[in-house]
Structure formats: C-alpha cells, structure tokens
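Below is one structure, written out as structure tokens, with a few remarks after it.
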Amino acid sequence: MTTFQQNFARSEQAQDFLARDVHHLVIDGRRVPAMSGQTLTTVDPSTGEVLARLAAGDAADVDRAVIAARRAFEGPWRTWTPYQRQALLARIAQLLDERFEELIQIEAMDMGAPVSRLRASKPALMKMLSFFSSQAANIAGETLMNGIPGTVATMTLKAPVGVVGGIIPWNGPLNGQFWIVGAVLASGCTTVLKPSEEASLSVLRVTEILHEAGLPDGVVNVVTGLGKEAGHALAAHPDVDRIAFTGSTQTGRSIIEASTVNIKKLQLELGGKSADIVCADADLDKAVPGAAMGVFANSGQICFAGTRVLVQRPIVEEFTEQLLAFMDTLRVGYSLDDAATLGPVISQPQLDKVLSYIDVGRAEGAELLRGGQRLGGELENGYFVQPSVFGGVTNEMRIAREEIFGPVLSILPFDDVDEAIAIANDSQYGLGGAVWSQSLSTALRVVHGVHTGTMWVNCYGHIDPMVGFGGTKLSGYGSKGSAAHMDNYLYTKSVYMEL
Ligand code: NAD
C-alpha cells in the first residue's frame with residue numbers, strides 16, 4: 001500500500017489482492033507466470049510509487065492463451081444454452097455488486113480515477129450486464145423465401161465468431177472490459193484479454209470473480225504485458241477470429257496491419273477531439289457544468305471528451321466567467337480520497353504530454369485563463385495537473401486538432417451555427433459532440449450537421465448499451481452497445497435444406 005493513499009484505504013480484500021508478490025496471467029482458469037519469467041511494474045499515479053508487479057506476457061503466452069480459448073470454444077461451453085449463459089451473467093452481476101467497493105479501490109489506485117467517480121459508475125456496469133444478458137436470449141436468424149426450383153427451404157443462423165482478442169486502454173478498464181466480456185458471454189465466444197500495462201489490476205481481479213461465478217476454464221483468459229509485445233502478438237495471432245480494440249488511433253493502425261494475417265474482423269474504438277457547441281440561447285446553469293465535466297471528468301482521459309468548447313460570441317465572456325467559477329468547486333486529490341472529484345493523469349509520460357500541450361497552446365497564442373501547472377504540495381509525487389482552460393483558441397491550433405487526453409479545455413468563439421458546424425467538422429476525428437441550445441430546431445440542425453458517431457443535446461456523456469456509441473472518421477468503426485455490438489461477435493450462416 002502506498003504512503004499517502006494508506007490514509008484512505010478501507011477494503012481488506014483490495015489490500016490482500018494488492019499485496020501479492022506478482023500478479024500472474026490467467027490462462028485456462030489458472031494463474032500462471034509469464035513463460036519468460038519477466039515482470040513489469042505498475043505505478044499508483046496518485047503517488048508515483050510502485051503499486052504492483054505484473055507478469056510481462058509475450059507472444060508465447062498469447063499463444064497458450066489462444067490455445068486455451070480455442071479449446072474452450074470447441075468444448076462444453078459450446079453447448080451452453082442462452083438461459084445458462086444468462087444465469088452466469090446474473091451470478092457475475094451479483095458478485096460484482098457485492099465486491100464493487102473492493103474493485104473500485106483497486107481501480108482507483110491503479111489508474112487514478114477518484115473513488116467518487118468510480119462508485120457512481122456502478123449503475124452503468126449493472127446496465128451493461130443486464131443488456132448483454134438480454135442479448136444472449138435475442139440471437140436470431142431468419143427464415144427466407146428463395147427462388148430455387150423444387151422444395152429447398154432456406155434460413156440463416158447466427159453463430160459465435162470464435163476466439164476474440166480484446167485489447168483495452170487504461171482509462172476505465174473495470175467497466176470497459178465488459179464491452180468485450182459481456183458480449184463474449186452473451187454470444188458464446190471465448191476471449192483473450194490484453195489490458196493496458198498501465199492498468200491491468202481490475203481486469204485480473206474481475207477474471208477471478210468470473211471464475212467464482214462459474215465461468216468455465218478458458219472462456220476468459222488474460223495476458224498482461226506490453227502493447228508492442230503481447231498486444232501485437234494477439235492482433236497478429238492466426239487463430240484469433242476477431243479483435244475488439246479500444247485505444248489510440250495510432251495503435252489502431254498497427255492493429256489493422258497485424259490483423260491482415262488471417263483477415264480478422266475488427267472493432268476499433270479510437271481517439272477523439274469532440275466539439276461541444278454552446279449557443280447564445282443555452283441555459284448556462286446546465287451548459288457550464290456540462291461542458292466543463294465533458295472535459296475534466298476522469299482528468300480529461302475520456303475518448304469522447306468535448307475538449308473543443310465552441311461558444312457563440314455574445315456569451316463568451318459570461319460563459320468563461322461561469323466556467324472559471326465552476327472550476328473552483330472541483331477538488332483534485334488522491335484517488336482514494338472520497339472528497340476528490342478529479343484524480344491524477346495515468347503516468348509521468350502522460351503528465352509530460354499534457355504539460356507540453358499547455359506550452360504548445362501558449363506558444364500558438366492561445367490565452368491560458370486557468371491552470372497549466374503540475375500540482376505540488378502533498379500531491380507533488382503524483383501525476384496531478386491543474387484543470388486548465390485556454391481562451392481565444394482557433395481551430396488551426398494544435399491544441400484544437402490533436403488529442404491531449406488531459407484536463408485541458410479550449411474555448412473557440414463562433415458567430416453562427418453554420419460556422420460552429422464547420423469548425424466541429426474540421427477535425428480528423430468523429431467520436432462525440434454536443435449542442436446546448438433551448439431551440440429544438442437549432443439543436444437538430446447541429447445534430448444533423450456534425451459528422452460524428454454520437455451527439456448529445458443539452459447534456460454530455462450519457463451512454464446506454466441499448467442505444468450504443470461509436471465513432472466515424474479516425475475515431476474508428478463498430479458500435480459499442482446496441483444490437484450492432486452483438487453482430488460483431490456473431491457471423492451469419494446461410495442454410496439450404498432439400499426437403
Ligand atoms: P494505446 O493505444 O496506447 O493502448 C491501448 C491498448 O493497446 C493497450 O492495452 C496497449 O498495451 C495496447 N497496444 C499498444 N501498442 C500496441 C500494438 N502495437 N499492438 C497491439 N496492442 C497495442 O491507448 P491508451 O493510451 O491506453 O488509451 C488512450 C487512447 O484510447 C486515447 O486515444 C483514447 O481516445 C482512446 N480511447 C478510445 C475509446 C473509444 O471508445 N473510442 C475509449 C477509451 C479510450
């Protein structure tokens with residue numbers, strides 16, 4: 001347990017888990033060391049101190065995990081009925097509900113999100129499990145007419161694609177893993193998960209809980225390790241049928257290349273630079289906190305963060321004033337501190353990246369209105385950066401074009417809605433976006449005009465698995481949630497029957 005965080009820790013189970021000497025891989029239901037015997041360390045971003053040692057899996061470990069996943073896919077798991085898979089999902093939901101406090105403490109220490117934020121994410125996790133449970137009983141083909149002479153009957157079936165490689169980032173693995181695990185269990189696939197080397201612990205702990213709930217061996221395997229080793233090996237493995245990837249656009253590109261080995265199906269949820277458009281008639285009591293938390297939540301480490309805040313010129317001053325006043329209510333602190341609303345960023349390199357973008361913004365002529373510094377005092381050893389605001393930003397500046405993935409908000413003034421739509425669309429990304437206006441017609445004009453996978457109106461960041469969420473342009477393809485999500489885990493088989 002790391003120094004300052006110790007003052008806040010409460011869960012004995014979390015402490016026992018973190019006290020393990022090495023966190024091994026999970027292959028075929030067993031905890032096993034990496035074949036190379038190598039380990040890597042993971043750090044608590046609130047303190048900069050080593051939190052745990054992880055097995056450094058590589059291609060050899062990925063290979064044995066894929067063999068286990070394939071064996072499980074071909075084994076008794078295949079014969080489980082949708083009702084059995086639903087019952088398993090229900091047991092998992094129950095155990096996660098009971099263990100949630102333990103899990104969020106592990107997650108908070110591993111990736112830095114404050115426990116207040118993680119605690120509030122429990123309903124989202126429960127909804128996801130409920131959604132995937134419903135999907136298990138909703139897998140259906142069609143009976144189709146045909147033009148074949150005679151008595152040939154035709155239909156389609158939906159079948160699980162097989163072994164799914166799941167590669168996920170560090171900004172929310174506790175819930176994020178269930179976009180893959182939920183769909184795998186609902187569809188009858190199996191998986192090898194490669195969590196981020198920065199935040200693997202909640203994935204490892206959850207996998208143990210899945211087995212406690214009755215998950216058959218080999219259905220969910222976890223190989224921790226570096227992206228360029230374990231991640232690349234998974235993306236390139238010839239016996240992995242599909243990859244579900246969430247992470248940066250740059251890594252997405254290398255996964256596409258690696259996946260050509262056996263023409264894997266891909267689901268790619270990548271980066272973003274979303275525009276949050278605040279019109280002059282917006283209700284600022286809602287728009288200000290909404291736009292602020294659309295950037296600062298999770299210390300800006302959210303793919304759909306609305307980091308380009310487009311504000312209509314007549315209200316720029318009023319909006320800015322209220323924004324800065326709202327920021328006074330934010331409390332940056334240790335992830336285990338109940339009073340903290342924002343935690344650190346994930347790592348020293350990420351902190352350096354955020355601070356270097358603040359320098360870039362200044363050098364480009366944007367006006368730093370708030371923040372811009374690493375936090376000191378008792379937080380000096382953690383990777384804490386002040387929530388920061390730039391005013392007078394233009395869309396040509398790098399801070400408006402590149403994903404910073406930190407708590408940095410840029411205010412871009414605009415004159416009319418057409419200009420706002422043009423600015424929003426002038427981006428290589430197309431992930432999220434929002435409009436704040438009391439006029440339904442203005443809001444819908446923006447919704448239709450902005451080329452992005454998800455739009456919010458007078459709110460920011462709602463996601464429901466029944467509705468879905470996804471990107472376009474360099475933000476990737478393949479929806480998270482909705483029936484389309486399940487389609488990624490199934491393939492269609494056409495059947496012709498001579499009667
Ligand atoms: P990242 O791309 O660096 O890493 C993501 C995962 O890919 C990690 O597990 C990493 O180990 C692995 N990886 C790295 N190199 C690899 C390679 N060559 N082959 C295979 N795997 C490799 O991303 P990150 O820094 O962990 O996360 C931040 C990024 O994720 C941001 O760009 C953010 O926008 C994006 N993100 C997107 C969504 C979404 O739904 N669109 C959600 C969360 C995060």
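The values are calculated or read from the model by the stated rules, or taken from the named source; none is laboratory data. As the structure is a prediction and not an experimental result, all values here were calculated from the model. Note: ideal-geometry Cβ built from the backbone for every residue, glycine included; neighbour counts use all protein chains shown. Calculation scope for accessible area: heavy atoms of the full protein, side chains included, ligands and nucleic acids excluded. Shrake-Rupley method; radii C 1.70, N 1.55, O 1.52, S 1.80 Å.
Sort the following peptides by mean Cβ neighbour count (other Cβ atoms within 10 Å, averaged over residues), highest first: 459-471, 38-50, 192-204.
192-204, 38-50, 459-471
Tell me which of 440, 220, 467 sits at the most positive position along the dipole axis of the chain, charges placed on C-beta atoms (Lys, Arg +1; Asp, Glu -1).
Among 440, 220, 467, the one farthest towards the positive end of the dipole of the chain is 220.
Rounded to the nearest Å, what's the spacing between the alpha carbon centres of region 354-385 and region 303-323? Just the number, please.
If you average the Cα positions of each part, the centres end up 19 Å apart.
List the relative contact order of the chain as a percent without decimals, with contacts defined as Cα pairs under 8 Å and 6+ residues apart.
Once divided by the residue count of the chain, the mean separation gives 18 percent.
So, by mean Cβ neighbours within 10 angstrom, what's the order for 229-236, 322-329 with the highest one leading?
So the peptides 229-236, 322-329, ranked by packing, come out 229-236, 322-329.
Which of 73, 51, 112 sits farthest toward the positive end of the charge dipole of region 44-128, with +1 on the Cβ of Lys and Arg and -1 on the Cβ of Asp and Glu?
The one lying farthest along the dipole's positive direction is 73.
Can you give the convex hull volume per residue for the Cα atoms of the chain, as a whole number of Å³?
149 Å³
Just tell me which aspartates and glutamates come within less than 18 Å, Cα to Cα, of residue 264; anything on the same chain fewer than 8 places away is out.
Within the straight-line limit of under 18 Å, residue 264 reaches these aspartates and glutamates: 63, 239, 241, 487.
May I ask which residue of 412, 382, 395 lies farthest towards the positive end of the charge dipole of region 275-464, with charges of +1 (Lys, Arg) and -1 (Asp, Glu) on Cβ and the Cα centre as origin?
Of the candidates, 382 comes out farthest on the positive side.
In square angstrom, what is the accessible area per residue of the chain with a 1.4 angstrom probe?
Per residue, the chain has an accessible area of 39 Å².
Treat every Asp and Glu Cβ in region 252-340 as -1 and every Lys and Arg Cβ as +1, leave all other atoms uncharged, and give the resulting dipole magnitude about the Cα centre to the nearest 20 debye.
Working: 8 positive and 12 negative charges, 146 e Å.
In debye, rounded to 20, region 252-340 gives about 700.
Say a site is exposed when it is one of the trypsin sites (Lys or Arg not before Pro), sits in a DSSP loop, and has at most 16 other Cβ atoms within 10 Å; what is then the longest site-free stretch of the chain?
Answer - 21-330.
Please report, as a whole percent, how much of the solvent-accessible surface of the chain comes from carbon and sulfur atoms (probe radius 1.4 Å).
53 percent
Might you report the magnitude of the Cβ-based charge dipole of region 275-464 about its Cα centre, with Lys and Arg at +1 and Asp and Glu at -1, to the nearest 20 debye?
Computed about the Cα centre, the dipole is about 320 debye.
Quick one: compute the contact order of region 1-110, relative version, from alpha carbon pairs under 8 angstrom and 6+ residues apart, as a percent.
About 30 percent, as a whole number.
Students often get this wrong, so check it: of 158/480; 122/194; 127/480, which have C-alpha atoms separated by over 21 Å?
Violating the 21 Å limit, Cα to Cα: 122/194.
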